[in-house]
1. List the residue pairs whose Cβ atoms are under 9 Å apart, where the first residue sits in the range 54-75 and is on the phi > 0 side of the Ramachandran plot, the second is buried (at least 19 other Cβ atoms within 10 Å of the Cβ) and of a type in the set (Gly, Ala, Ser), and the two are 6 or more positions apart or on different chains.
2. Filter the range 97-128 for residues that are charged (D, E, K, R) and either modelled with pLDDT of 80 or more or in a loop (DSSP other than H, G, I, E, B) (or both) and give the result.
3. Out of (1) open to solvent by 50 Å² or more (accessible area, probe 1.4 Å); (2) touching a residue at least 12 places away in the same chain (Cβ under 8 Å); (3) in a helix (DSSP H, G or I), the odd one out for Ala179 is which?
4. Given the residues Leu145, Leu184, which is the only one that is at pLDDT 85 or above, aliphatic (A, V, I, L, M) and open to solvent by 30 Å² or more (accessible area, probe 1.4 Å)?
5. Within the range 160-172, take every residue that is assigned to a helix (DSSP H, G or I) and open to solvent by 50 Å² or more (accessible area, probe 1.4 Å) and give me the one that is farthest from Ile119 (Cα to Cα).
6. Only one residue in Val157, Val201 is free of Cβ contacts under 8 Å to residues at least 60 places away in the same chain, open to solvent by less than 50 Å² (accessible area, probe 1.4 Å) and out of contact with any Phe, Trp or Tyr (no Cβ under 8 Å at 6 or more places or on another chain). Which one?
7. For the range 208-216, does any single residue satisfy the condition of being under 14 Å from Val115 (Cα atoms) and surrounded by 15 or more Cβ atoms within 10 Å (Cβ to Cβ)?
8. Check Ala94, Ala15, Ala72 and return the single one that is over 26 Å from Gly177 (Cβ atoms), surrounded by fewer than 20 Cβ atoms within 10 Å (Cβ to Cβ) and either hydrophobic (A, V, I, L, M, F, W, C) or modelled with pLDDT of 85 or more (or both).
Amino acid sequence: MTERPAERGSYHHGALPEALVGAAFELLDELGQEKVTMREVARRAGVSAGAPFRHFADRRALMTAVADRALADFERWQRVEMAAAAGADPDAGAGMGAGAGDQRAVLRAVGLGFVRYAIRYPHRFALVRSRVFAPSPQPELRERLSGIDRAYTEVIVADQAAGLLRPGDPALVGLAGQALVYGLAQMIVDGYLPAEKAEEVVAQVLDTFGRGVANPR
């Protein structure tokens, strides 16, 4: 399940940073990142307008913390999607690749999960895009991103070892898959592809990608 923002006034002494990030997360989902201001976050958290600056140097620092939470939530989402495809318990292992079953379905679930998350939470997708898919990803998010990348690479390497994927550089395979689902998600969020048919279209594109488009020689 995805994370629910902390309710206002529910934090205990010393947990104000978490409450501020929770309030900002709530605002992000409702209105988009442009509407997330330090003043409104403070109001929703029930503190003075200056209180957030004792924990976050500026709005950028706060939004980076929100992006980190969005990535953590996305990671949990993907773990559930992949476990469902593999017929495994999503809490059985620490990595997103944990579980057994049809690994082709698991790899397919990675792509579907990415697009489903972007469709359901377009403002989170936009925030992560602006801080991750950028010329210089923010260093504060590097650890989280590295963990997600490692999990994806583990799935690809396991599939290659099992003969489900062709041999090759797993990083390049991962990049190709990431480019595909990122582009699909962006096209749907932008309205270029109809949202009501998104699931069907994405599944068809992923299956086409999985089979390959070149005739074997």
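The values are calculated or read from the model by the stated rules, or taken from the named source; none is laboratory data. Keep in mind that what you see is a predicted model, and the values were worked out from it rather than measured. All Cβ positions, glycine included, derive from the backbone under ideal geometry; neighbour counts span all protein chains shown. Note: areas computed on protein heavy atoms with side chains; ligands, DNA, RNA excluded. Shrake-Rupley method; radii C 1.70, N 1.55, O 1.52, S 1.80 Å.
1. none
2. Asp102, Arg108, Arg116, Arg120, Arg124
3. Among (1) open to solvent by 50 Å² or more (accessible area, probe 1.4 Å); (2) touching a residue at least 12 places away in the same chain (Cβ under 8 Å); (3) in a helix (DSSP H, G or I), the lone unmet condition for Ala179 is (2).
4. Every option except Leu145 fails the conditions.
5. Ala161
6. That would be Val201, the only listed residue that is free of Cβ contacts under 8 Å to residues at least 60 places away in the same chain, open to solvent by less than 50 Å² (accessible area, probe 1.4 Å) and out of contact with any Phe, Trp or Tyr (no Cβ under 8 Å at 6 or more places or on another chain).
7. No: zero hits.
8. Details: Ala94 fails: over 26 Å from Gly177 (Cβ atoms); Ala72 fails: over 26 Å from Gly177 (Cβ atoms).
Checking each option against the conditions leaves just Ala15.
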